[in-house]
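Some notes on the structure that comes next.
The values are calculated or read from the model by the stated rules, or taken from the named source; none is laboratory data. Because the structure is predicted, anything quoted here is derived from the model rather than measured. All Cβ positions, glycine included, derive from the backbone under ideal geometry; neighbour counts span all protein chains shown.
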Amino acid sequence: MSTPNNTTQLLAEFPELSHLSREDLEDLLADPQYFQAIFHTLRNVKELYQGQAELGLANESIANHNLSLQQDLYKLRSETKDAFDESKNLEARWAELQREQKEVYQRFTPQFLLMRLRHATTAQDDLSEALASAFVRSSSSDASSSYATGKEVDDFVKEFRDSRKIYHKRMMWGDRWAAGEVVWRDD
């Protein structure tokens with residue numbers, strides 16, 4: 001049972017109950033169905049349920065909006081994944097191309113080119129010496145018949161002179177390089 005002070009406080013908080021008598025209030029506390037019937041007619045409760053319903057509708061609207069975006073989001077996620085995978089493939093290809101480029105450029109470094117010049121110079125010297133040896137051998141095998149003809153000698157001299165000219169040019173470039181007179185530009 002409530003005291004007069006409690007009743008005054010109850011009526012101050014819920015003025016809708018002021019028309020009920022003390023017996024009605026006691027019945028209200030004793031009968032759960034009666035309590036529920038009165039409880040749901042209170043202005044504060046109606047406002048609370050109204051706010052709850054509005055929030056529920058707002059949440060439902062947001063959920064429906066999110067569901068309407070779901071397919072676009074899945075498509076965008078797939079496109080993003082495809083773009084990421086493609087970028088990883090291109091990154092791997094880039095590394096491979098850089099390695100290949102390094103291998104190609106290595107053949108054009110000053111050290112590699114100097115080594116190639118030295119090998120070519122040696123090979124040219126060997127070639128001209130082989131020409132001279134072959135001419136001497138063919139001349140000595142032809143000695144029984146007669147010396148080589150003038151045309152054969154002229155052809156040998158021209159070929160030998162051209163071969164030695166290439167050799168000496170390569171030697172001069174090698175000497176200049178060794179003297180520091182050759183400068184390689186990177187452009």
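Below are the figures for this structure:
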{"quantity": "Unique residue being of a type in the set (D, E, K, R) and in contact (Cβ under 8 Å) with a residue 40 or more places away in the chain when the list is ARG118, ARG185, ARG99", "calculated": "ARG118"}
{"quantity": "Filter result for the condition that a residue is loosely packed, with under 10 Cβ neighbours inside 10 Å and of a type in the set (D, E, K, R), over LYS102, LYS81", "calculated": "LYS102"}
{"quantity": "Lone qualifier among ALA148, ALA134, ALA143 - being at pLDDT 90 or above and either in a helix (DSSP H, G or I) or not basic (Lys, Arg) (or both)", "calculated": "ALA134"}
{"quantity": "Test result for PRO110, under 30 Å from TRP184 (Cβ atoms) and not hydroxyl-bearing (Ser, Thr, Tyr)", "calculated": "yes"}
{"quantity": "Filter result for SER133 (more than 23 Å from LYS165 (Cα to Cα) and assigned by TED's automatic domain parsing to the domain that holds ILE166)", "calculated": "no"}
{"quantity": "Wholly enclosed helices (runs of 4 or more DSSP H) of the range 16-119 bearing at least 3 residues farther than 30 Å from TRP173 by Cα and aliphatic (A, V, I, L, M)", "calculated": "22-30, 43-106"}
{"quantity": "The range 169-187 - residue that is in a loop (DSSP other than H, G, I, E, B) and among the acidic types (Asp, Glu) and, of those, modelled with the highest pLDDT", "calculated": "GLU181"}
